Amino acid sequence: MTRRSDWPEASPARADGPAAEAPPRSGEGRSAGPSGGGDPVTRARGICLALLAGTPRTRRQLADALRRREIPEEAAAEVLDRFEEVGMIDDALFAEAWVESRHHGRGLARRALARELRTKGVAPAVVDEAVSRLEPEDEEETARALVARRLPATRGLPTPKRMRRLVGMLARKGYAEGLALRVVREALEREGQSTEEWEDYAPDTP
């Protein structure tokens, strides 16, 4: 059993903004796999430290990694609990930084951000808190910037096709249909394009 004095006492995981999750390094985890022998708590601790050295991770991500390496559940829970105690695992901080990074870096809306965080095992209440920090005004501003950036590439196409492409782009990034249609229509109308044929498709509220 690992002595308590062997545990890390500080938290290097409080990064300002984890971006997209880094892919595993070549050979990562092989030397710490089940064939490595030794105390499972020590092995689990080494695996977690190696993974956290590359990028912050959620508790669920680390738990999944330990399970794949056949670390016993009791040993995995002991290590993960301790890492949470010292702040090396912090799902709330991870979620907050993820929202900040992915919204500004990829233009993702709250719906897409929440979906990504859920797939990483972040608890629903933590997800809701993180995405609620993104104000509707900020989301709309980002949607307008995305459309403005993509708009020139659609010039020369029929208006309905431009609408479909631009609205589809926003939808894939998690923007609500009403907001997407309104932002795209306004952008096209500023260029003198008529969008009257799309009136029936736009919800009354965003």
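Any idea which of PRO124, MET88, LEU113 is furthest toward the positive side of the dipole for segment 44-178, if Lys and Arg beta-carbons carry +1 and Asp and Glu beta-carbons -1?
Looking along the dipole axis, the top candidate is LEU113.
For a footprinting-style exposure proxy, rank THR58, THR159 by other Cβ within 10 Å, fewest first.
Values: THR58 22, THR159 17.
Fewest-to-most ranking of THR58, THR159: THR159, THR58.
Please report the relative contact order for segment 92-132, taking Cα pairs under 8 Å with a sequence separation of at least 6, and give it as a percent rounded to a whole number.
Working: 26 pairs, mean separation 21.7, N = 41.
Averaging sequence separation for qualifying contacts and normalising by length gives 53 percent for segment 92-132.
For the residue pair ARG164 and GLU137, what label-to-label distance in nm results when each label sits 7 Å from Cα along the Cα-to-beta-carbon direction?
Taking the two extended label points, one gets 3.7 nm.
Show me 117-124, 77-84, 178-185 ranked by packing, highest mean number of other Cβ atoms within 10 Å first. Working shown, then result.
Numbers: 117-124: 16.2, 77-84: 18.2, 178-185: 22.0.
So the order, starting with the most tightly packed, is 178-185, 77-84, 117-124.
Computed from the coordinates by the stated procedures, all read-outs in this text should not be read as laboratory data. A quick note: this is a predicted structure, and the numbers were derived from the prediction, not measured. All Cβ positions, glycine included, derive from the backbone under ideal geometry; neighbour counts span all protein chains shown.
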